[in-house]
Amino acid sequence: MEFNLQNLLINIVNMSLTGTYVILFVLLIRFPLKRLPKIFSYSLWSVVIFRLVCPYSFSSAFSLLGSFSFSSNKTNHIPINIGLTEQTTIGGSINGVNNIMNNSLPAATPYASANPMQIILSIASVIWIIGLLLMVIYSITSYIVLKKKIYSAILVYDNVFECENIKSPFVLGILKPKIYLPIGLNENEKTYILKHEQTHIKRLDHLVKPFAFLVLCIHWFNPFVWVSFILMSRDMEMSCDEKVIKELGNKIKREYSTSLLTMAVNRRFVSGSPLAFGESNVKSRIKNVLNYKKPSFWVAIAVAILIIVIGIGLISNPQIKKPESVLKSESYLNNRTEYIGDASKETSFSVEESLKVILSSPLSSSNPADYISAHKKEYANIIKYGGTDALDYMLQEFKNGKAKNDLRGQIMMRLCKELLGPKNNVTDESLPPIEWYSKLDIKEQTILPDFSYQGNDPILKLVYKTEIEKNQNMKYNGGFLIVAPHVHGSYEEGNELKVFVTTYASAYNLYGKLVTEGSGGIVPSAITYLKHSDGSYSLKKYEQAQDGSYFAPSIKKFCTMPVSGKKIKGLADSILQHYSNYGDILKLNTENLKAHLVSKKQIGVSQKTNWGNIVPLT
């Protein structure tokens, strides 16, 4: 897929908007949780991080974001094609804010040579990437400076170091985190501080905070993300303090608070590099330590369940009821007489906007192919992303008389033909759009099982069964498989049997009396079976030749005896020589296809080849 910085920025902004809603929700929830252990508040920030890094989620009836604007399971406040729409809009949940933002946006002009919105997006993309790089450079520079300070650190034991160049304890490192302490701490201070830093490491906070900082770098333009990073860091430290108190007992509260206060007096705390985080916000932490009370078991359980429910509600998107046209789309495709009703507004909008772009140039030509060629991306998007919904909408346009024998109608007819594929019964390519639609009678698909070998050869029985099982991923939309193997040799050693084959596997779909090949491939394989005491076999290993430059070496690698692994002389060369002329399995594939159709009483069937030719089969 072609990398597009503008599309990336739009996706980032969409995630940032959704993340902002979740941040505001978390900020509200933190107030009633104020007197409870900070681990509950701390855990909620993971939901914020998820929303800021993942553009997709699942839909749930319990979603707490029901009033926000979502499309299916993807957050999409700003459309990707915002630079090509007639009126650029931003969708959100706060109408007043939406109106202000949307009124400030310029109208897009698809017919003009330079779209103002596209220019704004280009400039914004450059600014965003510069800000991201500055954040990363600052972090790396701070880390290098800190590393120089601890160059002379002395190992005390395990992962604990003392250093005279630092004035505050901190943890540094990702894979192998180390604890650095300033020289001169008394034993009480050292005990509590070490316990605190070790708790950070045990909880993997040394991984969480750098990752959160990376998310901040990506969303540096969003002030709410800065607020959430600061508050998450505070909740992290306070919940860590509480963990230490919980393990060592309430009796140490005063001494622990004293050690925090001592570290705060005439000392400067570590900041800057996210890979090294020390202690901060001492006043709030001391107050939290002194006020900390371990909740009762049932209170803790109840709050934990509440946090989980809230987390699911914030992670999930609200369910969107599909329009009746979408729910009945498959029924319509199988039988045109089953009328599906009005197409959804969302589908009609996306199709129409793409059609407008396609029709925008070149205005000097009347050939539909010229317009499609000039806007291949928009044409492909209707097929790729519109799918059956787009097909339903365009067929509805024909039914309602809104499609004419004009340029728009010609392009819509071509799109319908591509989306219908073999279901299109009209073969006359010279018909204008309205006449084509009047003759359209969408073919029903005939569902057939996969090919089954009916011969008596025990080796071929095993091979056919295995190849059918291993190529199921080729099938789509109710298709069936045909396989045609060429056995190069079978070798039995001990209780193992190894068969070497080159197989042509292909998937077919049958519509009316026309069969089409959807996908196919010819691949050499080595199949190893285990022989059981009753004479039956079970599959042990299935090896296929690799692609590209590894093709020949991979074949030579698996051309060995099943147990001893001894190389089989000349076998690899024989397989490679056959691969240069595999006409036998192409012929066998056609024979198997014919035999399969006849066995299923499909007479009078023809095949549409990849070159568009119609060839009679049965």
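The values are calculated or read from the model by the stated rules, or taken from the named source; none is laboratory data. Bear in mind that the values here come from a model prediction, so they are computed numbers and not experimental data. Every residue, glycine among them, receives a Cβ derived from its backbone with ideal geometry; neighbour counts consider all protein chains shown. We work out accessible area using only protein heavy atoms, side chains counted, and drop any ligands, DNA or RNA first. Shrake-Rupley method; radii C 1.70, N 1.55, O 1.52, S 1.80 Å.
Taken over segment 556-579, residues that are open to solvent by 80 Å² or more (accessible area, probe 1.4 Å) and either within 23 Å of residue 470 (Cα to Cα) or not acidic (Asp, Glu) (or both) amount to 7. Those strands (runs of 3 or more DSSP E) of segment 513-618 in which 3 or more residues are free of Cβ contacts under 8 Å to residues at least 60 places away in the same chain, of a type in the set (Ser, Thr, Tyr) and touching a strand residue (DSSP E or B) at 6+ places or on another chain (Cβ under 8 Å) occupy 514-531. Within segment 275-306, the set of residues being at negative phi and modelled with pLDDT under 75 comprises 275, 276, 277, 278, 279, 280, 282, 283. Of all the residues in segment 523-555, those that are touching a helix residue (DSSP H, G or I) at 6+ places or on another chain (Cβ under 7 Å), among the hydrophobic types (A, V, I, L, M, F, W, C) and surrounded by fewer than 18 Cβ atoms within 10 Å (Cβ to Cβ) number 2. Selection of segment 156-176 for residues being of a type outside the set (A, V, I, L, M) and open to solvent by 20 Å² or more (accessible area, probe 1.4 Å) yields 157, 158, 159, 161, 162, 164, 165, 167, 176. Counting the residues of segment 37-67 that are at pLDDT 85 or above and either open to solvent by less than 60 Å² (accessible area, probe 1.4 Å) or within 12 Å of residue 313 (Cβ to Cβ) (or both) gives 14.
Listed here are the helices (runs of 4 or more DSSP H) enclosed by segment 339-458 that have at least 2 residues being surrounded by fewer than 18 Cβ atoms within 10 Å (Cβ to Cβ) and among the acidic types (Asp, Glu): 345-358. Within segment 135-162, the residues that satisfy the criterion of being closer than 18 Å to residue 184 by Cβ, in contact with a strand residue (DSSP E or B) (Cβ under 6 Å, 6 or more places away or on another chain) and not in a strand (DSSP E or B) are 150, 153.
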